[in-house]
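Undergrad: The structure's right below; bear with me while I get my questions together.
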Amino acid sequence: CCMKGNLWHAWSIFLPKDFPNIFPVKTAMGQFHNDGDNPVEFQFNNYFDKYSPKKSGGYWVLPAETISSHVATKILEQEDLLGKWNDIIVNAKWTHKADGFLKVWVNGKLSYEYKGRTHLKKDIIEQEIGIYRSFTHRRPGPDPTQVAYFDEIRFAKSCKKLKIKDLGYSCKEIESQSLK
């Protein structure tokens, strides 16, 4: 539900090998959203890279300030996303101030880091998991079926309380990583 402050989140995602990338339809598979009708802060998409179509697909992170410009960071390649379970761990300081952050680990490896405002003032964040499709009018004909499986969805106020040891990870190892 609704979160403020420094929190930890985890989920596992599985997409079948035949999961279709239906670009130019936008396919989000999870997001951290401001409550009510306020905008998404961070979105996780099965994305299409218009500059490198051969590198398309995979799991991408888009922060709020780049969602409209489609500036995304790939955190998982398409061939690594399909047909296997992948574990996502997120540590975020949810704040309207400049000292916020969001870090994303994929299968135990730090893959993304953002620093700055992470939600709107006087707002709270809601985590939403599932397939969200938008701009479906961009694709002719009926949209193919997309199936995604999610498991081990959890959040806590500390890495230790997230119990990632159950997933085969160590908080000491996770917390010691940095992007260089």
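The values are calculated or read from the model by the stated rules, or taken from the named source; none is laboratory data. Remember, predicted model here, so these are calculated numbers, not experimental data. Every residue, glycine among them, receives a Cβ derived from its backbone with ideal geometry; neighbour counts consider all protein chains shown. Note: areas computed on protein heavy atoms with side chains; ligands, DNA, RNA excluded. Shrake-Rupley method; radii C 1.70, N 1.55, O 1.52, S 1.80 Å.
Undergrad: Determine the equivalent ellipsoid of the stretch 79-175 by diagonalising the alpha-carbon gyration tensor, then write out the semi-axes as square roots of 5 times the eigenvalues, largest first, rounded to whole Å. Before the final figure, lay out the partial values.
TA: Working: eigenvalues 152, 93, 30 Å².
Gyration-tensor ellipsoid for the stretch 79-175: 28, 22, 12 Å.
Undergrad: Return the sequence-ordered ³J(HN,Hα) values of the stretch 164-170 in whole Hz as given by the Karplus equation 6.51 cos²θ - 1.76 cosθ + 1.60 applied to θ = phi - 60°, using x for Gly and Pro.
TA: 6, 4, 4, 8, x, 10, 10
Undergrad: Could you tell me the accessible area of Arg154 in Å² (1.4 Å probe, neighbours in place), rounded to the nearest ten?
TA: Approximately 40 Å² of Arg154 is accessible to the 1.4 Å probe.
Undergrad: Moving on to the next point. How much accessible area does Glu79 have with a 1.4 Å probe, in Å² rounded to the nearest 10?
TA: So the heavy atoms of Glu79 present about 120 Å² to solvent.
Undergrad: Just how large is the dipole of the chain about the Cα centre, in debye to the nearest 20, putting +1 at every Lys and Arg Cβ and -1 at every Asp and Glu Cβ? Please report the intermediate quantities before stating the final value.
TA: Values: 27 positive and 21 negative charges, 91 e Å.
The dipole magnitude comes to about 440 debye.
Undergrad: Per DSSP helix of 4 or more residues, -39500 (n - 2.57); summed, then divided by the residues of the chain. What does that give at 222 nm, rounded to the nearest 500?
TA: Working: 4 runs with 17 residues, N = 180.
Value at 222 nm, helices only: -1500 deg cm²/dmol.
Undergrad: If amide H atoms are built 1.01 Å from N in the plane of the peptide, which residues on other chains or at least 5 residues away come under 5 Å of the amide H of Ser111?
TA: Distant-sequence amide H within range of Ser111: Val104, Trp105, Val106.
Undergrad: Taking the Cα centre of the chain as the origin and placing charges on Cβ (Lys, Arg +1; Asp, Glu -1), which of Pro140, Leu81, Asn107 is farthest toward the positive end of the dipole?
TA: Selected residue: Asn107.
Undergrad: Largest first and in whole Å, what are the equivalent-ellipsoid semi-axes of the stretch 82-133 based on the Cα gyration tensor, each being the root of 5 times an eigenvalue? Walk me through the numbers on the way to the answer.
TA: Numbers: eigenvalues 117, 48, 11 Å².
Equivalent-ellipsoid dimensions as semi-axes: 24, 16, 7 Å.
Undergrad: Principal axes first, then extents: for the Cα atoms of the chain, list largest minus smallest coordinate on each axis, whole Å, largest first.
TA: Taking the Cα atoms of the chain, the three principal extents are 46, 37, 31 Å.
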